[in-house]
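All remarks here apply to the structure that follows.
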Amino acid sequence: MFDPKIIIDLLAENVRRTGNPFGLSTGSINGWWKGADLPRQGANLLFTGMMYQMVPAINAATGLLGKYEDTPAGDRIRFGRRVPRFLSAAVLKMATAKEDRSAAAGVLMDITRILQASGVDFAYRPELDGYSGILLYDLGDRENFIAHARRVAGRLQEAGVERLITVDPHTTWALRELYPRYTGYRPEVRTYFELARLQGNGDREVTLHDPCFYGRYLELSQVPRTLLAGLGVRCADVNSAGPFTSCCGGPAESVSPALALTVGRRRLAELQATGRPLVTMCPICHANLRRAGADVMDLSALLVRFTRSGENSQKRAE
């Protein structure tokens, strides 16, 4: 395992400089909305938190770190108190896979289709979207998390945003629980699947992996199950589901890809015991389970099959 302090300091410095942990410009990772003709005015602001958009960089960084972990080069990094060059923004940008970028954009477009099909009045303003800072909090750097959260909250408050739609558990937890506590900003925060109103007859069975934040802390695990049941999709759960869910391995990949992979494989074995297709609701869980060898679908890809505009996404999900 790399010295966590070195990695955390690097992530915090990147967040201060660019607003995200990888030192990448927002424009370089957040282009999914271009050409989509999304509304800029609405009662609810779609706030992606940049988590899906950062998955390509997360995958690239994890792959690069994994090559050096438990090697002589890794020991020099661990004890030398220096930032590894292979984690620079330029290297990560070149190492991101095109298919990862396309998949992330596809999930976010699917979510907008679900909202539109559900009659949700929402807007998307990319200049107000941003990373919540949650990884800093997860890794114990509360001071830098608070500083970043206050910047994000201030921008949203200045724009008069009072209602947010989130797309991942990490951002949802940060905005619902941490921002009110540390910034005083108290928006109404709802996930896209809490707002989804879809009709259909799926007549199939899947296994949902509950992210820790949805299952243990936000107690939202039953919401997608109820939504899917109304669409004819049954959920075959394992014992460690809902508030008792097991970890996918994240965010340990930030400091020890080997540890994250071990945890991810253990979780995957639990999920595969049902013999049903696997579905996730979190970009980090999706990435870690795929790294562990899973064939896994994002919840949005399953739900978009029940929207009137979902034909293209349906083909991609299949």
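Worth a mention:
- Those strands (runs of 3 or more DSSP E) of the range 144-248 in which at least 1 residues are within 28 Å of residue 10 (Cβ to Cβ), considering only elements entirely within it, cover 163-166.
- Scanning the range 25-64 for residues that are more than 13 Å from residue 126 (Cβ to Cβ), in a helix (DSSP H, G or I) and hydrophobic (A, V, I, L, M, F, W, C) gives 51, 54, 55, 57, 58, 60, 61, 64.
- Some residue of the range 275-289 being outside the structural domain of residue 59 (by TED's automatic domain parsing), more than 21 Å from the chain's Cα centre (by Cα) and surrounded by 17 or more Cβ atoms within 10 Å (Cβ to Cβ): yes
- A Cβ distance below 7 Å, combined with a sequence gap of six or more or placement on separate chains, defines the contacts here; from the range 162-176, residues that are assigned by TED's automatic domain parsing to the domain that holds residue 132 reach residues that are modelled with pLDDT of 95 or more and basic (Lys, Arg) in the pairs 165/190.
- The residue of the range 40-68 that is nearest to the chain's Cα centre (by Cα), among those that are at pLDDT 95 or above and of a type in the set (A, V, I, L, M), is 51.
- Condition met for residue 228 (hydrophobic (A, V, I, L, M, F, W, C) and in contact with a strand residue (DSSP E or B) (Cβ under 8 Å, 6 or more places away or on another chain)): yes
- Any hit, the range 304-316, residues being part of a helix (DSSP H, G or I), out of contact with any helix residue (DSSP H, G or I) (no Cβ under 7 Å at 6 or more places or on another chain) and at pLDDT 95 or above: no
Residues are listed down the side, and each one gets a yes or a no for (1) among the polar types (S, T, N, Q); (2) modelled with pLDDT of 90 or more:
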residue: 9; (1), (2): no, no
residue: 20; (1), (2): yes, yes
residue: 34; (1), (2): no, yes
residue: 38; (1), (2): no, yes
residue: 74; (1), (2): no, no
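- The one condition in (1) in contact with an Asp or Glu (Cβ under 6 Å, 6 or more places away or on another chain); (2) not assigned by TED's automatic domain parsing to the domain that holds residue 127 that residue 217 fails to fulfil: (1)
- A count restricted to the range 99-143 and to residues that are in a loop (DSSP other than H, G, I, E, B) and crowded, with 19+ Cβ neighbours inside 10 Å stands at 9.
- A Cβ distance below 7 Å, combined with a sequence gap of six or more or placement on separate chains, defines the contacts here; from the range 179-195, residues that are on the phi < 0 side of the Ramachandran plot reach residues that are among the hydroxyl-bearing types (Ser, Thr, Tyr) and part of a helix (DSSP H, G or I) in the pairs 185/179; 189/172; 191/172.
- Any hit, the range 267-280, residues being over 25 Å from residue 106 (Cβ atoms) and in a helix (DSSP H, G or I): yes
The values are calculated or read from the model by the stated rules, or taken from the named source; none is laboratory data. Just so you know, these numbers come straight off a predicted model, no measurement behind them. Counting neighbours? That spans all protein chains shown, and the Cβs are built from the backbone with ideal geometry, glycine included.
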